[in-house]
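Remarks on the structure that follows.
What follows is calculated from the coordinates using simple rules that are stated; it is not laboratory data. Everything numeric in this text was worked out from a predicted model, so none of it was measured. Cβ atoms come from the backbone with ideal geometry, glycine included; neighbour counts cover every protein chain shown.
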Amino acid sequence: MSYPRECWYVAATIDEVGDDFLARRILGTPVVLYRLADGSIAALEDRCAHRPYPLSAGSRDGDCIICGYHGCTYDPDGTCVRVPSQDKPPLGARVRAFPVHVSGPFVWLWMGTPGSARLRPPAATPELASEGDWSSTGERRRVGAGFLLLHEHYLDLTNVFEMHAEMVPPGIEALPPPEEVEISEVSVSYARELPQAPLAPWESAVSGLDSAETFSRRETGTFVTPGLHRQTYTIGGADGPLLELVRLHGFTPETERTTHVFLQLAWRGTAVAADAGPRLAEVFHLMADRDSAVLETVQRCLDEDEAPRRYVNVKADRAAIRARRIVQSMIREEQGL
Ligand code: FES
């Protein structure tokens with residue numbers, strides 16, 4: 001197993017879940033999500049208890065799901081409440097129901113040990129709350145690469161010179177290695193200051209600032225949990241931050257080698273162009289396209305390698321290596337090793 005299970009993961013965005021069934025494989029398990037009459041969200045294992053048939057292929061009776069094969073009916077807690085061919089359902093007939101937590105645009109799911117979800121709330125994402133001075137936009141995609149490859153990729157942004165050269169402020173030839181790497185038992189983060197430089201075209205477009213002037217930038221990246229990665233990018237002026245940008249990635253393993261990516265961008269500041277939202281969405285969508293293509297190639301190379309081989313690490317890999325160790329230690333703990 002290459003991912004921990006005792007963790008909240010983003011299963012969907014709030015606008016994806018409605019009266020119709022949303023079927024999605026999460027941590028290798030088929031899940032069906034749907035909205036109940038009171039507005040809350042139910043998440044059940046998407047397999048009938050009778051035969052291996054997806055509940056999402058059935059229909060609704062109020063808040064219950066009727067299996068489309070022989071008609072067994074399940075309530076939102078996963079209990080089988082009706083079997084058409086007999087008086088009562090078999091004792092204990094049920095499918096697993098997963099705890100759901102909605103926060104901002106994210107619908108979080110707990111697929112770990114039943115009953116332990118309340119011990120660890122999902123990671124906070126205050127930038128995505130509907131109140132406050134942040135604005136946000138987002139997108140979802142599926143990437144054909146293991147979720148840890150994505151965490152590692154975003155913990156080392158020195159790839160921007162090769163992959164996203166137009167994003168780099170003019171005159172900056174190389175990203176310095178992270179100046180600060182903060183490590184705790186369960187998270188790792190880095191920060192670096194960029195030298196004063198004029199604005200890249202995307203920066204002046206989203207901020208409305210004069211591209212001829214020079215500005216500072218501070219960049220941070222945090223492996224918050226296995227399910228959430230946070231990056232910040234702040235353009236600073238003489239009197240403090242002018243534009244703060246937060247890129248949040250919900251990374252949710254679909255399988256060992258595929259990942260659901262829930263990208264949310266949030267921004268605020270005194271220098272924000274009127275059309276900053278669509279411009280940021282366009283810029284970061286293009287970046288995500290390129291990132292996905294490279295990560296899928298890395299995954300393919302890993303799969304093709306006949307024997308595991310060691311790859312060389314460089315200074316910029318420090319945070320990524322730490323994140324990998326955290327994930328490995330969580331998996332070992334879950335396996336009781
Ligand atoms: S497979 Fe669902 S009721 Fe038979």
Taking the Cα centre of region 8-118 as origin and charging only Cβ (+1 Lys, Arg; -1 Asp, Glu), how large is the dipole, in debye to the nearest 20?
420 debye
How large is the charge dipole for region 151-245, taken about the Cα centre, if only the Cβ atoms of Lys, Arg (+1) and Asp, Glu (-1) carry charge, to the nearest 20 debye?
140 debye
Compute the length gained on full extension between Asp77 and Gln335: take 0.36 nm times their separation in residues and subtract their Cα-Cα distance, giving the result in nm to one decimal.
90.1 nm
Among Gly71, Val107, Ala42, the residue whose Cα sits farthest towards the positive end of the charge dipole of region 8-118 (+1 at Cβ of Lys and Arg, -1 at Cβ of Asp and Glu, taken about the Cα centre) is Gly71
Using the Kirkwood radius over Cα pairs, work out the Stokes-Einstein diffusion coefficient for region 8-118 at 37 °C and 0.692 mPa s, in µm²/s as a whole number.
233 µm²/s
Cβ-placed point charges (K, R +1; D, E -1), dipole of the chain about Cα centre in debye, nearest 20:
1220 debye
With a Förster distance of 56 angstrom and the Cβ-Cβ distance between Met1 and Gln196, calculated FRET efficiency to the nearest 0.05 equals 0.75
The farthest towards the positive end of the charge dipole of region 107-244, of the residues Tyr154, Gly171, Leu199, given +1 on Cβ of Lys and Arg and -1 on Cβ of Asp and Glu, is Tyr154
What does the charge count near Thr158 come to, summing +1 for each Lys or Arg and -1 for each Asp or Glu among other residues with Cβ under 13 Å from its Cβ?
-3
Considering the chain as a Gaussian network with a 10 Å cut-off on Cα pairs, which listed residue, Glu244, Glu182, Glu296, attains the greatest mean-square fluctuation?
Glu182
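Peptides 68-78, 32-42: what's the order by average Cβ count within 10 Å, highest mean first?
68-78, 32-42
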Which of these, Asp46, Asp239, Asp63, has the largest mean-square fluctuation under a Gaussian network model of the chain (Cα springs below 10 Å)?
Asp239
Taking the chain as a Gaussian network, Cα atoms linked when under 10 Å apart, which of Pro241, Pro52, Pro253 shows the biggest mean-square fluctuation?
Pro52
Quick one: length gained pulling Met163 to Thr270 fully straight, 0.36 nm per residue minus the C-alpha distance?
35.6 nm
CD proxy at 222 nm, helix term only [per DSSP H run n ≥ 4: -39500 (n - 2.57); per residue of the chain; nearest 500]:
-6000 deg cm²/dmol
Cα-based convex hull, the chain, per residue volume (Å³, whole number):
157 Å³
Normalised by the residues of the chain, what does the relative contact order come to in percent, with Cα pairs under 8 Å and at least six apart?
19 percent
